[in-house]
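Encoded as structure tokens, the structure appears first; notes follow it.
The values are calculated or read from the model by the stated rules, or taken from the named source; none is laboratory data. None of these values were measured; they are calculated from a predicted model. Positions of Cβ are generated from backbone atoms using ideal geometry, with glycine treated the same way; all protein chains shown enter the neighbour counts.
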Amino acid sequence: MIVALAGRRVDAVDSKESRFAPTKETVQVVRQRIRTLLETQSAIGLVSSAACGADLLALSEAGSLGLRRRVVLPYDRWKFRATSVTDRPGDWGFLYDKVLDEVEKSGDLLVIQPNSEDNAYAQTNHVIVDEARALGLQLHQAVTAVLVWDKKSRGEGDLTEEFANYARTKGIPIVDVPTTS
């Protein structure tokens, strides 16, 4: 199985609604849920971005399980680190650097050049799904889209929901991993 994954970043300090609390307990529970899913799905590969929260937890667990990891970023790794990793609570920068060093060394880091800043993350979502499908074809593996989230749309512009919608248009089944109790 090849897993295409997207999900919530940990909540910002000033979040009005909790979608993924940045507490050690919540992060550990979500980490374990992701690991269990990767094991029960017999995953051999993971394609995702590398934002703080769902992405980095999945990449970390996939690495510890020896899975192939392909990371898709909309920008160079340093700009992405500043805008999607270290801008939230927690020590995500260290994990990001470790994962990106490993993925870059294996040749599985893909930095796209988005058409515009406005759709950079949506375009990244599409590339994640498309890369997972291509890897699945290459390795003769099924593909599943995994959403690590609170199962609630934030409305227009919710990129996790957009990821799910795009995966559905490609006929990819969806599995949810909750970030809340």
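Worth a mention:
- Among the residues of region 132-181, the ones that are of a type in the set (Phe, Trp, Tyr) and in a strand (DSSP E or B) come to 1 in all.
- Scanning region 47-55 turns up one or more residues that are under 19 Å from Ala164 (Cα atoms) and of a type in the set (S, T, N, Q).
- Of all residues making up region 50-75, the number that are in a strand (DSSP E or B) and either on the phi > 0 side of the Ramachandran plot or basic (Lys, Arg) (or both): 3
- Positions within region 106-124 being over 18 Å from Tyr166 (Cα atoms) and not in a loop (DSSP other than H, G, I, E, B), in sequence order: Leu109, Leu110, Val111
- Near pairs, Cβ below 6 angstrom, 6+ apart or cross-chain, from region 90-101 (at negative phi) to any residue that is basic (Lys, Arg): Tyr96/Arg81; Leu100/Arg77
- Check on Ser18, surrounded by fewer than 18 Cβ atoms within 10 Å (Cβ to Cβ), in contact (Cβ under 8 Å) with a residue 24 or more places away in the chain, on the phi > 0 side of the Ramachandran plot and out of contact with any Leu (no Cβ under 6 Å at 6 or more places or on another chain): no
- For region 160-181, the set of residues classified as touching a residue at least 60 places away in the same chain (Cβ under 8 Å), surrounded by fewer than 18 Cβ atoms within 10 Å (Cβ to Cβ) and in contact with a Phe, Trp or Tyr (Cβ under 8 Å, 6 or more places away or on another chain) consists of Pro178, Thr180, listed by residue number.
- Meets criteria (aliphatic (A, V, I, L, M), in contact with a strand residue (DSSP E or B) (Cβ under 6 Å, 6 or more places away or on another chain) and outside any loop (DSSP other than H, G, I, E, B)) for Val103: yes
- The requirement of being among the aromatic types (Phe, Trp, Tyr) and in contact with an Asp or Glu (Cβ under 9 Å, 6 or more places away or on another chain) is fulfilled nowhere in region 80-88; no residue meets it.
- Residue, farthest from Leu159 (Cα to Cα), within region 3-14, restricted to residues that are of a type in the set (Gly, Ala, Ser) and surrounded by 14 or more Cβ atoms within 10 Å (Cβ to Cβ): Ala4
- Per-region count, region 134-149, residues surrounded by fewer than 20 Cβ atoms within 10 Å (Cβ to Cβ) and either polar (S, T, N, Q) or in contact (Cβ under 8 Å) with a residue 12 or more places away in the chain (or both): 4
- Restricting region 13-48 to residues that are at pLDDT below 95 and of a type in the set (Asp, Glu) leaves a set whose member that is nearest to Pro178 (Cα to Cα) is Glu17.
- The residues in region 27-79 that are β-branched (Val, Ile, Thr) and touching a Lys or Arg at 6+ places or on another chain (Cβ under 8 Å) can be counted, and the count is 2.
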